[in-house]
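What follows is a single structure, written as structure tokens, with notes after it.
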Amino acid sequence: MPRYAQLVMGPAGSGKSTYCSTMVQHCEALGRAVQVVNLDPAAELFSYPVMADIRELIEVDDVMEDESLRFGPNGGLVFCMEYFANNFNWLEESLGHVEDDYILFDCPGQIELYTHLPVMKQLVEQLQQWEFRVCGVFLVDSQFMVESFKFISGILAALSAMISLEIPQINIMTKMDLLSKKAKKEIEKYLDPDMYSMIEDSTNILKSKRFKKLTKSICGLIDDYGMVRFLPFDRSDEESINIVLQHIDFTIQYGEDLEFKEPKEYEEDKSALVDEYFQDRVDE
């Protein structure tokens, strides 16, 4: 039987560890066994147990203290991840082999790991060799995405991971529970965005004609190919959590031997259910 994996990615502070904790609790309530693996060698505290922790293999602090290496925080983290890539046997031993495994990999936030370094791609290929069906879960802080130009930056970060890893990817706006009612209403347009409207919103910000043309080209690419969409993730709302989990399960075909339904708002019904979600939040 196949095994299942979520690669939980996103910038530092986007809520990756909180997402893992929330998803573990939600799955426990559903009677599903989900494990977490920490792949951040600079992590400090967890609010959930982990089945494997990269810090047992190597830590950023130890690398930074090594006078022969002389690395700072970012260089130290890259060194740790490259060392990890050369010691995948440690991960294989830590995971064991239990059929129907469902594991969340809590990944580091450094963007270079998903742009020009091969470490995460090598991890994906290794997991696939171990019969894992892998889905990328890219998180972006919703509080960061309330302006058009910031939203476009978030989309490019998500696209970078998609292109680098070449796996199915679900993009999520986290920390929806921290937004005010006004901000929730404002951010609704970014979940299934009209990219050409984004261009108009950015017109007054971009003074250079060259950058306006570049922005228009980027927005056109994203809109024409429908490459990036976001789901809202409100850790205080079980329905919101379940919608995200349904999309991921559908993507990696979890439980395909069971009677399985597509996510409630998948494709054609998506806009209606997102509208319903926000209306419920406004009414509260």
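The values are calculated or read from the model by the stated rules, or taken from the named source; none is laboratory data. The structure presented is a predicted model; accordingly, all values stated were derived computationally and were not measured. Quick reminder, even Gly has a Cβ in these numbers, built from the backbone with ideal geometry, and neighbours come from all protein chains shown. Heavy atoms of the whole protein, side chains included, go into the accessibility calculation; ligands, DNA and RNA do not. Shrake-Rupley method; radii C 1.70, N 1.55, O 1.52, S 1.80 Å.
For the reader, a short list of remarks on this structure follows.
- Near pairs, Cβ below 7 angstrom, 6+ apart or cross-chain, from region 222-243 (of a type in the set (Gly, Ala, Ser)) to any residue that is outside any helix (DSSP H, G or I) and open to solvent by less than 70 Å² (accessible area, probe 1.4 Å): Ser240/Pro232; Ser240/Phe233; Ser240/Asp234
- Evaluated against (1) hydrophobic (A, V, I, L, M, F, W, C); (2) exposed (fewer than 13 other Cβ atoms within 10 Å of the Cβ); (3) modelled with pLDDT under 80, Leu214 falls short on exactly one condition, (3).
- Entirely in region 81-186, the helices (runs of 4 or more DSSP H) that have 1 or more residues that are over 28 Å from Ser240 (Cβ atoms) and among the charged types (D, E, K, R): 88-95, 119-129
- The residue that is most open to solvent (accessible area, probe 1.4 Å), counting only those in region 56-72 that are within 20 Å of Asn89 (Cα to Cα) and not in a helix (DSSP H, G or I), is Glu59.
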